[in-house]
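Participant: Supplied in structure tokens, the structure appears directly below.
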Amino acid sequence: MKRFFILLAAVGLSISAFSSSVSNATVLVQNTPAPKVVVPSGYKHYTYETDKKGVIMDYDFILPATNADAKAAVARMCAILNVNPQKLRSNDLASVFETSYNNLLRTYQEENEEEYDPEGSVCYRRDSRIKPLCHTANNTLFTWSVEDEICFGGPHGMPYEYSMTFRQGETQPLGLKDVFKVASLPRVFQLISNKLRVKMVHLPAGYSRKAYLEDEPDEDAPIWTYEKYNGKFYPRLALTPRGISFTYQPYQKGPFSEGTISVLLTWAEVKTLVNRTYVMQRY
């Protein structure tokens, strides 16, 4: 069955398909002039930049402007940025970003209590980019691409790259049991393992080729980079034009130098394994 995805960015559409106007860009907090950003129709551009007290943050998000998704966006950003929604000053994205900064500053001060120097060379930093990847023809499912790097003053930061798919207006991304038939999951995991063996053929045997994670995700890892099923942790799935993708973060299946490892199960490979809702969607 041919799948048709409407691609919003970075997947096949030319930039001319997007609105050339940036009048719908919304800058929440801005310490430096914002670069010109072309935003797709129906979306808004949000930025948060700050460099003070030893903490540097640079957030750049393109999110839906529709009322149906506005409330959900706040809950989603809280989860992505590890913010407790009960700590928000107000129920909006500006408060989410502000609280995220305060959390990182508090961590920095607590972990460097004896040597805390807000003007020193060591700093904590978080850079986060979120952009639309694709959506279904009837606008019921949206897939987002996330690039998130957190640095706690070590030799390098910890980058996280992943994608996730939401139903419109919902605050939780789709998971294994949403997309796949439960009885088919052992076959899904086997397909992932088979592809990992091919991708990891150059790595030492000590790195597991199993679909699940050998160790629990790091406590600093964004909670939506993974999900727990039947007592084991698996990478978060995402619906894409070509199939269903799974992305393993650095250290999960190889050394840091290996970076992220992505596995794609094509629609042809999973057509009998997914729930009918997703087979019948026009992407």
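Participant: Within region 42-96, can you find the residues that are more than 16 Å from the chain's Cα centre (by Cα), over 22 Å from Cys134 (Cβ atoms) and of a type in the set (A, V, I, L, M, F, W, C)?
Facilitator: If the condition is that a residue be more than 16 Å from the chain's Cα centre (by Cα), over 22 Å from Cys134 (Cβ atoms) and of a type in the set (A, V, I, L, M, F, W, C), then Val55, Ile56, Met57, Leu88, Leu93, Ala94, Val96 are the ones that fit.
Participant: Among the listed residues Thr247, Thr240, Thr165, which satisfies the condition of being in contact with a Cys (Cβ under 8 Å, 6 or more places away or on another chain) and within 28 Å of Ser128 (Cβ to Cβ)?
Facilitator: Thr240
Participant: Could you tell me whether region 183-198 includes any residue that is under 23 Å from Leu93 (Cβ atoms) and crowded, with 19+ Cβ neighbours inside 10 Å?
Facilitator: No - not one qualifying residue is present in region 183-198.
Participant: Hey, another quick one. For a quick check of your reading of the model, give me the residue pairs whose first member lies in region 222-244 and is closer than 22 Å to Ser100 by Cα, whose second is among the β-branched types (Val, Ile, Thr) and modelled with pLDDT under 90, with beta-carbon atoms closer than 7 Å and at least 6 apart or on different chains.
Facilitator: Cβ pairs passing all conditions: Pro222/Ile80; Trp224/Ile80.
The values are calculated or read from the model by the stated rules, or taken from the named source; none is laboratory data. Predicted model, so just to flag it, every value in this text is computed and none were measured. So basically every Cβ, Gly included, is an ideal-geometry build from the backbone, and we count neighbours across all protein chains shown.
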